[in-house]
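A short worksheet on the structure shown next.
The values are calculated or read from the model by the stated rules, or taken from the named source; none is laboratory data. Model, not experiment: these values are computed from the prediction. Using ideal geometry, Cβ is built from the backbone for each residue, glycine included, and neighbour counts are taken over all protein chains shown.
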Amino acid sequence: MSHDAALGVPAHSGHAAPGGPPDEPPAPRRRRTPAAPYLLLVPALVALVAGLAYPVGKQIVMSVQKFGLEQQFGQAPTFVGLDNFVRVFTDDALWAVVARSIAFCLVNAFLTVVIGFAFALLMRAVATPVRLMLQVCLLLAWAMPMVAGVTVFKWLFDYRTGVVNWLLVQLGFDSFAGYSWLSQPFTFFLVATIIIVWMSVPFVALSMYAGLTAVPEEVLEASRIDGANGRQQFWHILMPMVRPVLSIVLLLQIIWDLRVFAQIRLLQDAGAPVSETNLLGNFIYELGMSRQDFGGAAAVSIFVLLLTVALSWPYVRSLMKEDA
């Protein structure tokens, strides 16, 4: 009887024969992915496809058709291939609108996130009564109807009776007496930025505050004991721990600000130069409703969809790398 047998060890216990190669360990068994999560996603996917398939499909079909005023009264549309894309995208006016829209989107998204994050840090630092007051004020600003909010700002910046011009004149800036903020493209977009940031900051502030509350106080206390100051805590503890929330909030703001329409349209009604203040949504509206060029409007809509995907892709790619 061998020594291993005397000790009760089986002969195939992984010991290699004298002079032979060692036995290979058994291959790890692959973990089976349960099917239940995928089955639970089916209703949401069905609803998403049902809600998007027709409008997106209709836009794609219209973008390759001649679809104008005649087609609204029953005339059959004619297939034109890529003529709508060639005609619209060779127009310099479109690319001026694209550059203006991207710049406006990025500036507004950056300002909204920075100011919202500052409010979130402020709510984390102040006492409970002050924090509750700030949260109520943010919720009231967020709950105000968009048309009502834009109307109030139009009154504030009115060149005849606006409070802003009156206040600037009282401070000694006499050149602002009767100044028309909405008639110049730069000041027009300045007012538009104030409106959009004011309406978007509450969502960012409350979302970031929720992310900050998830940071354990023990971690911050340990860093203070180790001698970290406020700036070091912010950059090396708070920022890494709230980066996922910050990323998704920034992504949503970029998407929303790229598709701004109603605020710009309402401000344009006050006498702004339309051709110099159009963004992509307003340009599509002008093509479809003013020029009755629904085929060209559909082509630009497809472009906006692809542009939104392109701006969102870096965040989606980072998510895929984290899950890999």
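Scan region 63-83 and report the pairs whose first residue is touching a residue at least 12 places away in the same chain (Cβ under 8 Å) and assigned to a loop (DSSP other than H, G, I, E, B) and whose second residue is of a type in the set (S, T, N, Q) and surrounded by fewer than 17 Cβ atoms within 10 Å (Cβ to Cβ), with Cβ atoms within less than 7 Å and a gap of 6+ or a chain change.
Within 7 Å, the pairs are Gly68/Gln292.
Against the definition (in contact (Cβ under 8 Å) with a residue 40 or more places away in the chain and either buried (at least 19 other Cβ atoms within 10 Å of the Cβ) or more than 24 Å from Val316 (Cα to Cα) (or both)), how does Ile248 come out, yes or no?
no
With Gly296, Gly271, Gly288 as the choices, which residue is within 21 Å of Ile196 (Cα to Cα) and either among the small types (Gly, Ala, Ser) or in contact with a strand residue (DSSP E or B) (Cβ under 7 Å, 6 or more places away or on another chain) (or both)? If you could, list the steps in order and put the result at the bottom.
Values: Gly296 fails: within 21 Å of Ile196 (Cα to Cα); Gly288 fails: within 21 Å of Ile196 (Cα to Cα).
Unique residue meeting the criteria: Gly271.
Of Arg265, Arg259, which residue is among the charged types (D, E, K, R) and over 21 Å from Leu52 (Cα atoms)?
It is Arg265.
When both residues are 6+ apart or on different chains and their Cβ atoms are under 7 Å apart, which pairs have a first residue that lies in region 230-241 and is of a type in the set (Val, Ile, Thr), and a second that is part of a helix (DSSP H, G or I) and surrounded by 11 or more Cβ atoms within 10 Å (Cβ to Cβ)?
Ile237/Val219; Ile237/Leu220; Ile237/Ser223
If you check Met239 against the conditions, is it surrounded by 16 or more Cβ atoms within 10 Å (Cβ to Cβ) and part of a helix (DSSP H, G or I)? First the steps, then the outcome.
Details: surrounded by 16 or more Cβ atoms within 10 Å (Cβ to Cβ): no; part of a helix (DSSP H, G or I): yes.
So Met239 does not fit the description; no.
So if I check each of Val147, Val64, which one is buried (at least 16 other Cβ atoms within 10 Å of the Cβ) and among the β-branched types (Val, Ile, Thr)?
It is Val64.
Just to be sure I understand, how many residues within region 270-287 are surrounded by fewer than 19 Cβ atoms within 10 Å (Cβ to Cβ), assigned to a helix (DSSP H, G or I) and in contact (Cβ under 8 Å) with a residue 40 or more places away in the chain?
2
Looking at region 288-324, which of its residues are in contact (Cβ under 8 Å) with a residue 24 or more places away in the chain and among the acidic types (Asp, Glu)?
The answer is Asp293, and nothing else.
Using the structure shown, decide if Phe294 is over 16 Å from the mean Cα position of the chain (by Cα) and either closer than 17 Å to Leu82 by Cβ or among the small types (Gly, Ala, Ser) (or both).
In short, yes.
Go through (1) surrounded by fewer than 20 Cβ atoms within 10 Å (Cβ to Cβ); (2) touching a Gly at 6+ places or on another chain (Cβ under 8 Å) for Met208 and report which single condition fails.
Met208 satisfies all of (1) surrounded by fewer than 20 Cβ atoms within 10 Å (Cβ to Cβ); (2) touching a Gly at 6+ places or on another chain (Cβ under 8 Å) except (1).
Scanning region 288-324 for residues that are aliphatic (A, V, I, L, M) and surrounded by 15 or more Cβ atoms within 10 Å (Cβ to Cβ), which turns out modelled with the lowest pLDDT?
Going through the qualifying residues, I end up with Leu311.
Could we say that Ala310 is among the small types (Gly, Ala, Ser) and part of a helix (DSSP H, G or I) here?
yes
Quick check, is Leu267 surrounded by 19 or more Cβ atoms within 10 Å (Cβ to Cβ) and either more than 30 Å from Phe157 (Cα to Cα) or in contact (Cβ under 8 Å) with a residue 24 or more places away in the chain (or both)?
yes
Can you list the helices (runs of 4 or more DSSP H) found entirely within region 106-205 that contain at least 1 residues being charged (D, E, K, R) and either more than 26 Å from Phe234 (Cα to Cα) or modelled with pLDDT of 90 or more (or both)? I'd like the intermediate steps shown before the answer.
Values: elements: 128-143, 146-156, 163-170.
So the answer is 128-143, 146-156.
Listed here are the residues, each with its yes/no results for (1) of a type in the set (A, V, I, L, M); (2) in contact with a strand residue (DSSP E or B) (Cβ under 7 Å, 6 or more places away or on another chain); (3) surrounded by 14 or more Cβ atoms within 10 Å (Cβ to Cβ).
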site: Val86; (1), (2), (3): yes, no, no
site: Leu94; (1), (2), (3): yes, no, yes
site: Ala99; (1), (2), (3): yes, no, no
site: Phe104; (1), (2), (3): no, no, yes
site: Val114; (1), (2), (3): yes, no, no
site: Ala120; (1), (2), (3): yes, no, yes
site: Arg124; (1), (2), (3): no, no, yes
site: Arg131; (1), (2), (3): no, no, yes
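Quick check, is Val150 of a type in the set (Val, Ile, Thr) and farther than 15 Å from Val201 by Cα?
Values: of a type in the set (Val, Ile, Thr): yes; farther than 15 Å from Val201 by Cα: yes.
Taking the combined requirement at face value, the residue satisfies it.
Kindly evaluate Leu167 against the criterion of being of a type outside the set (Gly, Ala, Ser) and either surrounded by 13 or more Cβ atoms within 10 Å (Cβ to Cβ) or touching a strand residue (DSSP E or B) at 6+ places or on another chain (Cβ under 9 Å) (or both).
No, not satisfied.
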